[in-house]
Amino acid sequence: MGFEFTKFSRRVSVFGLLFLCVMLGGCHRRKRPVYAVIPKGTAVIHWQTVHAGAVAAARQANVDIDYTGPAMESDFARQIAILDDFISLHVDGILLAPADREALVPAIRRAKNAGIPLTIVDSAADTEDYVRRVRDRL
């Protein structure tokens, strides 16, 4: 069994990352913009395909990505810590697949308050403090 992109994974990765790139075309604090990609977990093959798609989209858009997530999808406390780390680094944008729809709300709000555009993919969050939600049916 080979490593294949699912149609959804490829679309989420490319659309989400390129959406952030287009929205932030004039925001260059670094030599190249840096976008955070935070999956629910890194152990599941679906998120590995999202990672591969994000890397390909980043190359195409001439931006850098930092792909970091908790090992297990159930570790939303780790996902919150990762999101807070990226907020502290003031990345140019964040692509987030929330592991818990309620627990991530304060961190999502912190990203908005810091002026960092955040796009939600895969699962919902109980807030509207993000610039876009990419749903699983494109």
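Every read-out reported here was derived from the displayed coordinates using simple, explicitly stated rules and does not represent laboratory data. Bear in mind that the values here come from a model prediction, so they are computed numbers and not experimental data. As a convention, Cβ positions derive from the backbone with ideal geometry for all residues, glycine included, and neighbour counts pool all protein chains shown.
The phi torsions of region 41-49, fed into the Karplus equation with coefficients 6.51, -1.76 and 1.60 and a -60° offset, translate into couplings of x, 9, 7, 8, 4, 4, 6, 5, 6 Hz, rounded to whole numbers, with Gly and Pro shown as x. Only one residue of Ser88, Gly69, Ile108 has its Cα farthest out toward the positive end of the dipole of region 64-138, where Lys and Arg carry +1 and Asp and Glu -1 on Cβ, and that residue is Ile108. Applying a DSSP loop filter and a limit of 13 other Cβ atoms within 10 Å to the GluC sites (Glu not before Pro) in region 37-131 leaves Glu102, Glu128. The H on the amide N of Tyr67, modeled in the peptide plane, is under 5 Å from the matching H of Val37, each at least 5 residues off or on a different chain. Amide H contacts of Val121: Leu96, Ala97, Val134, each under 5 Å away and 5 or more positions distant or on a separate chain (H built 1.01 Å from N in the peptide plane; Pro and chain starts excluded).
Just to confirm a number: summing +1 for Lys and Arg and -1 for Asp and Glu over residues other than Gly69 whose beta-carbon lies under 13 angstrom from that of Gly69, what do you get? Net charge in that neighbourhood comes out at -3.
Converting phi to 3J(HN,Hα) with the Karplus coefficients 6.51, -1.76 and 1.60 and the offset θ = phi - 60°, region 74-86 yields 7, 8, 5, 5, 5, 5, 5, 4, 5, 4, 4, 4, 5 Hz in sequence order, with x at every glycine or proline.
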